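Only one structure is covered here, and it is reproduced in the block below.
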Amino acid sequence: MSRLAVAAFAAALLAPLIPDAGAAQRPGPPPAPPARRATPARRQPAAPAIPRPRSILGFEPGDDRKLVEWPVLVRYFQALAKASDRVDYREVGKTTLGAPFIALVISSPQNLRRLDQYRQINAKLADPRTLRNTAEGLDALRNGKAVVLITSSIHSTEVGGHLSPVALAYRLATDTSAATRNILENVILWLVPSLNPDGVTIVSHWYNGTLGTPAEGTSPPELYHHYTGHDNNRDWYAFTQVETQLTVDSLHNVWHPQIVHDIHQQGPNGARLFLPPFLDPVEPNVDPLIMDGVNALGSAMAWELAGQGKTGISIHATYDAWTPARAYQHYHGGVRILSETASGSLASPLDIPLARLAEQSRGFSPRERSWNFTPWPGGHWALRDIVAYQADAAYALLQNAARYRDRWLANFLTIGWRAVRGWRGWPYAYVIPARQDSVPLGTLLGTLARGQVEIRTAQQPFTVGGQRYQSGSFVVVLRQPYAAFAKALLEPQRYPDRRVFPNGPPERPYDVTAHTLPLLLGVQAVLVQDSLRVPLSAPLPAALLPKAARAYGGFGAGEAPRVGLYRSYAASMDEGWTRWVFDTWKVPYLPLVDSVVQVGNLKEKFDIIVLPDQAPRAIGEGLPRTYPAPYPGGMAAEGAQALRQFVFDGGTLVALNEASRFAIQALLLPVRNVLEAVPQEDFYAPGSIFRLELTPDHPLTRNMPPTTVAWFEEGPAFDVLDTSVVRVVARYPSEPDRVLLSGWVLGPEKVAGKGALLEVRQGQGRVILFGFRPQYRGQSQATFPLFFNSLLLR
Ligand SMILES: [Zn+2]
């Protein structure tokens, strides 16, 4: 332990003793300027009045059936920042579709004037190694501000989140109460009104266009994030999307918030609001002090809102804290407060009698009082309620951050110090050999670097576990501020075997169970338990890391196949991810919608048709008849017939994961899904990494090693019924205990030895059945070649 670390730790321990640490004892801030909207005559001549939301939006946030597109919201925030000395406006970058991606910073005028100074203080607390002595640590604790990042409307159909940032920002800009003054004095708030501005426009445009029709309140017939749809908040470790990158690079990594609050909505028939604590399991690399903070803050917010008379708030329910895909800050010193308010029908109100509330939810019943829930009596539920729950919850969070500023900062420093010191029982480091395929290696190192993981290189050759490593090998020492991020992503996951009741069905994780990047990328990363006896470089600047050159070299000039990518109006996230992979790796394709499929003659237009992962029923039946033409109805029988003809005419149909079940049915393939109708007690793997054995000498396995991985998520596994036309290209190991590499599986014997990737010949063409997701969320580069090779079959 270095002396600096000792000093930092001492500072953290001493924090409660610092006089004048609590806001209550501070000399009061200068009186806030009078509310400038009060009487025009009293206004300072130069200061414009704080604009009311109505003046630009045309309505108050929460008015029934009122949504606006993103540019209108941007105009409001610009006007607010122009008029208020408590609010600054920043354009952080551009979204996927080119809209401004913005943030507001809100604090007292004097804090805003010294923003850079507070950033520097906070950066020292984030990395205790930068504190020169105890006095500097104490100074930082005394003078720092609590940094809070509030993000909203990443899921664009959760439309309260479009508007509650307006309500919150207006309140903070105008309110003269002691509570708001205390917030402004002690907190620097970064408010991102939308993590997905493109989706605000997509949803508002659809909603306003269908208002007063049978489709009012329905979700748009497209993904509300161009590439990822709802998966856009499953990107917080892979950083594939522009919006994630902007938030991480410009806000998280610069401002190191102690508290991050992400505003969401859930279904209409459960609790009115969920707040943490989260359910188990908690991912084991998260510092327990972070979870303590989550529990304390979520509970305090629920208590505050209950005191205001709000009912129907559940805590410790529904949502677990396993995946880093949703929680960057859990690995970067901050707490994550997820709020999930009950939805309406987009901006249209609902009447929800008590009897319609779910009888049972995970962790509570929405109809019964329990320790973690006070029932809401049922009744009218409107956008105004949603905005009130969201904005008041955010305000309660800010009050807590202001009141306990000293505790938030001291704990933040302690979390950093413990990470730098290293955790008992953790390995010393991971070694990542330098001589590996450059694209996935560059992706792995770039991902770690974006997560602010320090990467060093060995300056001499060395030997570990009988293996020789060259000079220049990359080394990630697990004693550094964000070691937990590195460890969580580099190690295999062992998800606990959780059941609804003993020996009963599995308890469904909220998201997936595995996130081991070296497996997904096909890169070697070697755990080193004890110290390495080799000199290491200083942490490498990002510019010196190998770059992931993302260009697929599979097509020669003029050789590119004509690829049609099926695009259901019942939008499939996997279709979006497939498009992202194609766009990023420069694979040309055309979108293929139901009406084009149904016309037939597909072989004249396409060599390859890809069916992304989607449930057979969603492909076949699509959207309901409440949608206007051309959206409802799905592919239907005519579409299935046209695909069958396409294959008989010599086309290649590539079906991914659940879409393989559609292809088996629609084309009557001599293949059986061995998992069809198998109950979850007997087999379950909700997003896990399996071992995959490949058949050599098949065009699909060209340039592949003999074994790789499969991202398994509710996919089929295959028995072959006619070996004269079906070839198994990849299968799971025949020993059940070798199937799982990371995550969770129940009943691996059900898939052991079964087919995972098949080529089925029909007529002049063929069907390629993937039983897994070869381009899972843009991450599983290990199996991209299988997918790309399938596009080259002729
Ligand atoms: Zn959401």
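Here are some notes:
- Descending principal axes extents, region 395-549, alpha-carbon based, whole Å: 53, 46, 34
- Most positive-pole-ward Cα, 152, 473, 703, against dipole of the chain from beta carbon charges: 473
- Solvent accessible area, Å² - residue 562, 1.4 Å probe, full protein context: 90
- When a 1.4 Å probe is rolled over the protein heavy atoms, the share of accessible surface on region 571-701 that falls to carbon and sulfur comes to 54 percent.
- Other-chain or far-sequence residues with amide H under 5 Å of residue 709's (modelled H): 692
- In the chain, the longest principal axis of the Cα atoms and the axis of helix 383-403 are about 60 degrees apart.
- With all projection directions averaged, the alpha carbon convex hull of the chain covers 35.1 nm².
- Put 371, 711 in order of accessible area, highest first, and with a 1.4 Å probe you get 371, 711.
- Axis angle, to the nearest 10 degrees, between helix 115-126 and the longest C-alpha principal axis of the chain: 60 degrees.
- Between region 152-195 and region 432-495, the alpha-carbon centres lie 39 Å apart.
- Shape box of region 646-746 [Cα atoms, principal axes, largest first, Å]: 42, 34, 20
- Selection from 585, 599, 652 lying farthest towards where the dipole of region 581-674 points positive, charges on Cβ: 652
- Considering only 215, 398, 138, the residue lying farthest towards the positive end of the dipole of the chain is 138, judged by Cα position with unit charges set on Cβ.
- With respect to the chain, whose longest principal axis is taken over its alpha-carbon atoms, helix 573-584 is tilted by about 90°.
- Radius of gyration and maximum dimension Dmax of region 370-480, Cα, Å: 23.9, 71
- Taking amide hydrogens as placed 1.01 Å from N in the peptide plane, the amide H of residue 312 sits under 5 Å from those of 374, 376, each at least 5 positions away in sequence or on another chain.
- Percentage of interatomic Cα-Cα distances in region 148-220 larger than 20 Å: 43
- A cut-off of 5 Å between modelled amide H atoms, ignoring neighbours fewer than 5 places along the same chain, links residue 188 with 146, 147, 148.
- Average accessible area per residue (Å²) across the chain - probe 1.4 Å, nucleic acids and ligands excluded: 37
- Principal axis dimensions, region 226-279 - Cα atoms, whole angstrom, descending: 36, 30, 17
- When shorter helices are ignored and each DSSP H run of at least 4 residues is given -39500 (n - 2.57), the per-residue value for the chain at 222 nm works out to -9000 deg cm²/dmol.
- Additional length obtainable on full extension of the chain from residue 471 to residue 625, 0.36 nm per residue less Cα span: 49.0 nm
- Bins of 5 Å, starting at 0 and running to the largest distance - Cα pair percent for region 254-344: 3, 14, 25, 26, 17, 10, 5, 1
- Computed E for residue 289/residue 560 - FRET, C-beta separation, R0 56 angstrom, nearest 0.05: 0.60
- Convex hull of region 327-389 built on C-alpha atoms - directionally averaged projected area, nm²: 5.9
- Rounded to the nearest 20 debye, the dipole size of region 265-410 about its Cα centre is 260 debye, using +1 on the Cβ of Lys and Arg and -1 on the Cβ of Asp and Glu.
- Counting Lys and Arg as +1 and Asp and Glu as -1 over every other residue whose Cβ lies under 12 Å from the Cβ of residue 644, the net charge comes to -1.
- Phi-derived couplings, Karplus 6.51 cos²θ - 1.76 cosθ + 1.60 at θ = phi - 60°, listed residue by residue for region 269-280: 9, x, 5, 5, 7, 9, 9, x, x, 7, 7, 5 Hz, with x used for Gly and Pro.
- Residues in region 196-213 carry Karplus couplings, in order, of 9, x, 4, x, 4, 6, 4, 6, 5, 4, 5, 5, 5, x, 10, 4, x, 10 Hz; the curve used is 6.51 cos²θ - 1.76 cosθ + 1.60 with θ = phi - 60°, and Gly or Pro positions show x.
- Annotation for residue 584 and residue 508: the two label points, set 7 Å from Cα along the Cα-Cβ direction, are 2.7 nm apart.
- For the chain, a crude dipole built from +1 on the beta carbon of Lys and Arg and -1 on the beta carbon of Asp and Glu, taken about the Cα centre, is about 2120 debye to the nearest 20.
- Along region 131-142 the Karplus relation, 6.51 cos²θ - 1.76 cosθ + 1.60 evaluated at θ = phi - 60°, assigns HN-Hα couplings of 7, 7, 7, 4, 4, 5, x, 5, 4, 5, 5, 6 Hz to successive residues, with x for each Gly and Pro.
The values are calculated or read from the model by the stated rules, or taken from the named source; none is laboratory data. All values derive from a computational prediction rather than experimental measurement. Every residue, glycine among them, receives a Cβ derived from its backbone with ideal geometry; neighbour counts consider all protein chains shown. Calculation scope for accessible area: heavy atoms of the full protein, side chains included, ligands and nucleic acids excluded. Shrake-Rupley method; radii C 1.70, N 1.55, O 1.52, S 1.80 Å.
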